[in-house]
Every structure is written in structure tokens, then in C-alpha cells.
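First comes the structure, then the notes that go with it.
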Amino acid sequence: MNPEKIAEFKKKLEGELALVEKELKGVAAQNPKNPADWASKETEMETMPPVADPNEAADKIEEYNAHRAITGELEVRYNDIKAALQKIAEGKYGLCEVSGEPIEEDRLEANPAARTCKKHM
């Protein structure tokens, strides 16, 4: 892959990383000992008095569960993007992690953080 195309993918990845980080920071906190690990932020559920309104408690539980689901998806995407940027830095970007063959350019256009070629999806 030519250097201009790699630079284009790097720019896309950096832009997406900024968006994913912003979304993660809204629902999760980054582990200072392991920056690849994010944990859902506590909700008011943890600080509510023992005899809380059942409807309010249910809402807080629902909010926390939604944060956990979103955090999991965003964390995977965050780590995929970070891995792709690391591969660019190492000169290994665009190679299938299974076969070592080049990943199709149209696949990288659709998902610049792709780890595998179409054959190994």
C-alpha cells in the first residue's frame, strides 16, 4: 500500500479515535493502570438511600446496564483503532492477522481498523 493511502487511513483512524474516546468518557472511566480497559461510570444507583423509590431505582439500574453495554462496544472499537494505529507506526498496517496477506483496500475503506481480510472475517 502506498504511503499516501496509509496517511489517509491514519487520519481517518485518528478522527474516529477522538470520537470514540469522547463517547467512552461520557459513559465510562479509563483504568489508569491499563489504558485499554474502561469501566462503566457509577450511576446515582450506588449512592441512593436504602429506601429509594422503586421506579427511580429501576431507572438507575436500566441506565447503568445501558452504560455497560455501550462501554463494551466502544471499548472493543477503541482497542481496534489503537491497534491499527500501532500497526501503522510499526509499518505492518493493512495485513491480515490470520494469513499475513494484504487486506483488501475496499475493506479498509469501510473499516480502517479491520484486522483481517474478507476471507478471514
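Scanning the stretch 84-106 for residues that are within 15 Å of Leu13 (Cβ to Cβ), out of contact with any Cys (no Cβ under 7 Å at 6 or more places or on another chain) and surrounded by 14 or more Cβ atoms within 10 Å (Cβ to Cβ) yields Ala84, Leu85, Lys87, Ile88, Tyr93, Gly94.
Counting only residues that are among the aromatic types (Phe, Trp, Tyr) and either free of Cβ contacts under 8 Å to residues at least 60 places away in the same chain or surrounded by fewer than 16 Cβ atoms within 10 Å (Cβ to Cβ) (or both), the stretch 61-83 holds 1 of them. Taken together, Glu73, Glu21, Glu14, Glu8 contain a single residue that is closer than 18 Å to Ile103 by Cβ, in a helix (DSSP H, G or I) and at pLDDT 80 or above, which is Glu8.
If you go through the stretch 41-60 and keep only what is surrounded by 10 or more Cβ atoms within 10 Å (Cβ to Cβ), modelled with pLDDT under 70 and either charged (D, E, K, R) or assigned to a helix (DSSP H, G or I) (or both), you end up with Glu42, Glu44, Met45.
The values are calculated or read from the model by the stated rules, or taken from the named source; none is laboratory data. What you see is a predicted model; the values in this text were computed from it and never measured. Please note: Cβ atoms are built from the backbone with ideal geometry, for glycine as well, and neighbour counts cover all protein chains shown.
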